[in-house]
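The values are calculated or read from the model by the stated rules, or taken from the named source; none is laboratory data. No experiment lies behind these values; they were computed from the predicted model shown. As a convention, Cβ positions derive from the backbone with ideal geometry for all residues, glycine included, and neighbour counts pool all protein chains shown.
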């Protein structure tokens, strides 16, 4: 069975931190995007290919709960899971934690609409539905 979850790592850069030396909160959303992109690659599809088919996944909702701080040079694990219960659009859940997998840094989700080239809201096309249904 196809896993609809994927882990990727990211090392915190100095530019990711604020004056206090902690990761600036907005960077978690950037890392969620990295996790989402890598999940698609893991499933055999890239954002570039989705867009080449004429479909786009604009962000419609985002949430992040910050649990513990992260600092420069920390190695993070970003686990991204596709929520297959969502019928219209797509929802991804994220869990960012420490390298030793013992400390949760943040959890969250993003929801994405599916639109065609003209920007019209559409149901996810069959090739994306197949991924959601685990039939890739």
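Taken residue by residue, region 102-112 has at least one member that is over 21 Å from residue 24 (Cα atoms) and at pLDDT 95 or above.
In region 6-29, what count of residues is obtained for those that are in a strand (DSSP E or B), out of contact with any helix residue (DSSP H, G or I) (no Cβ under 7 Å at 6 or more places or on another chain) and in contact (Cβ under 8 Å) with a residue 60 or more places away in the chain? It would help to see each step written out before you state the result.
Of region 6-29, the ones in a strand (DSSP E or B) are 6-11, 17, 22-23.
Of the ones still in play, those that are also out of contact with any helix residue (DSSP H, G or I) (no Cβ under 7 Å at 6 or more places or on another chain) are 7, 9, 11, 17, 22.
Add one more test, that the residue is in contact (Cβ under 8 Å) with a residue 60 or more places away in the chain, and what stays is 7, 9, 11.
Residues meeting the conditions: 3.
Condition test on residue 78, is it crowded, with 17+ Cβ neighbours inside 10 Å and under 25 Å from residue 15 (Cα atoms)? Don't jump to the end; show me each part of the working.
Numbers: crowded, with 17+ Cβ neighbours inside 10 Å: yes; under 25 Å from residue 15 (Cα atoms): yes.
Criteria met by residue 78.
Do we have residue 128 as assigned to a helix (DSSP H, G or I), crowded, with 17+ Cβ neighbours inside 10 Å and in contact (Cβ under 8 Å) with a residue 60 or more places away in the chain here? Judged against the criteria, residue 128 is a match.
For region 32-63, a residue qualifies if it is surrounded by 17 or more Cβ atoms within 10 Å (Cβ to Cβ) and in contact with a helix residue (DSSP H, G or I) (Cβ under 9 Å, 6 or more places away or on another chain), and the qualifying residues are 36, 40, 43, 45, 50, 55, 57.
Yes/no per residue for (1) touching a residue at least 24 places away in the same chain (Cβ under 8 Å); (2) in a strand (DSSP E or B):
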| position | (1), (2) |
| --- | --- |
| 69 | yes, no |
| 78 | yes, yes |
| 94 | yes, yes |
| 97 | no, yes |
| 100 | no, no |
| 108 | yes, yes |
| 111 | yes, yes |
| 118 | no, no |
| 124 | yes, no |
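Does residue 108 qualify as being within 11 Å of the chain's Cα centre (by Cα), surrounded by 14 or more Cβ atoms within 10 Å (Cβ to Cβ) and farther than 20 Å from residue 129 by Cα? When the stated conditions are applied, residue 108 passes them. Tallying residues that are assigned to a strand (DSSP E or B) and loosely packed, with under 14 Cβ neighbours inside 10 Å within region 81-92 yields 1.
You will find that of 40, 32, the residue that is within 10 Å of the chain's Cα centre (by Cα), in a helix (DSSP H, G or I) and modelled with pLDDT under 95 is 40 and no other.
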